[in-house]
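The structure under discussion appears below in the form of structure tokens.
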């Protein structure tokens, strides 16, 4: 009887996967326009996010993100380390040392939060520049949420792709190439009391499947004063 039950469970899982894969997926332009429209309707221009982060095997520590929807980011990592992003590029500076530019993908975890009043075409163009084939799509599950995948089939986890929450139109996952390395950016746990739709519960970064950074959100504040001097190196 146990074997019969197991077979039924496997068959049900297979059937559910098949039905999910065959579900109707709207055109990419429509999906990304809905994502852009949702961001615009939030009308959140300044976010301060307090997180507890862990990089690799390091001890978890507090970090603060300042997100301003003019495309600017300030991340205070502790030990006098500050990262600044402007116009799609990010730099890191420690103390009075000279700032060094970070990899091109470094701005992508913040993109959705700091670019307000954008059009879906902005995301279409961005994804195409990242090597995501927006004509290829499928559906899968992401932490119990139903996700639409742009750029890959359900079994492909080694190529650039973007995952969008099918019902909430919020970003879930973005996989891009950094040279030979596949970087995986995950926004986990939208809709909590802490962050609502402003910011997810967790932000995770992986490199070739290995977690390099995991941040747990502690507090999110909106409308925080952010003078332009905060975003100067």
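The values are calculated or read from the model by the stated rules, or taken from the named source; none is laboratory data. All values derive from a computational prediction rather than experimental measurement. In this analysis, Cβ positions are derived from the backbone assuming ideal geometry, glycine residues included, and neighbour counts consider all displayed protein chains.
Annotations for the structure displayed:
- Being crowded, with 19+ Cβ neighbours inside 10 Å and either assigned to a loop (DSSP other than H, G, I, E, B) or at pLDDT 95 or above (or both) is a description that does not apply to residue 62.
- Hits in the range 88-108 (condition: surrounded by 16 or more Cβ atoms within 10 Å (Cβ to Cβ) and free of Cβ contacts under 8 Å to residues at least 24 places away in the same chain): 90, 92, 106
- Exactly one residue among 198, 187 is under 14 Å from the mean Cα position of the chain (by Cα) and in a loop (DSSP other than H, G, I, E, B), and that residue is 198.
- Residue selection: residue 74 fails the criterion of being at pLDDT 95 or above, assigned to a helix (DSSP H, G or I) and in contact with a helix residue (DSSP H, G or I) (Cβ under 8 Å, 6 or more places away or on another chain).
- The residue pairs whose first member lies in the range 128-144 and is within 17 Å of residue 186 (Cβ to Cβ), whose second member is modelled with pLDDT of 95 or more and not in a strand (DSSP E or B), and whose beta carbons are closer than 6 Å, counting only pairs six or more residues apart or on different chains, are 130/160; 132/151; 132/160.
- Taking (1) surrounded by 13 or more Cβ atoms within 10 Å (Cβ to Cβ); (2) at pLDDT below 95; (3) under 27 Å from residue 129 (Cβ atoms) in turn, residue 155 satisfies each apart from (1).
- Leading residue by the ranking (farthest from residue 71 (Cα to Cα)) among those in the range 136-159 that are part of a loop (DSSP other than H, G, I, E, B) and in contact with a helix residue (DSSP H, G or I) (Cβ under 8 Å, 6 or more places away or on another chain): 154
- Single condition residue 111 does not satisfy, out of (1) crowded, with 16+ Cβ neighbours inside 10 Å; (2) in contact (Cβ under 8 Å) with a residue 24 or more places away in the chain; (3) under 21 Å from residue 201 (Cα atoms): (2)
- Within the range 147-168, the set of residues being touching a residue at least 24 places away in the same chain (Cβ under 8 Å) and either closer than 12 Å to residue 28 by Cα or in contact with a strand residue (DSSP E or B) (Cβ under 6 Å, 6 or more places away or on another chain) (or both) comprises 147, 148, 150, 151, 154, 160, 161, 162, 164, 165, 166.
- Test: residue in the range 217-232 that is surrounded by 17 or more Cβ atoms within 10 Å (Cβ to Cβ), within 16 Å of the chain's Cα centre (by Cα) and either modelled with pLDDT of 95 or more or at positive phi (or both): yes
- The listed residues are 178, 208, 133, and the only one of them that is in contact with a helix residue (DSSP H, G or I) (Cβ under 6 Å, 6 or more places away or on another chain), surrounded by fewer than 19 Cβ atoms within 10 Å (Cβ to Cβ), farther than 14 Å from residue 31 by Cβ and at pLDDT 95 or above turns out to be 178.
- Residue among 53, 85 that is touching a helix residue (DSSP H, G or I) at 6+ places or on another chain (Cβ under 6 Å) and either assigned to a strand (DSSP E or B) or free of Cβ contacts under 8 Å to residues at least 24 places away in the same chain (or both): 85
- Flag for residue 123 being surrounded by 18 or more Cβ atoms within 10 Å (Cβ to Cβ) and within 25 Å of residue 212 (Cα to Cα): no
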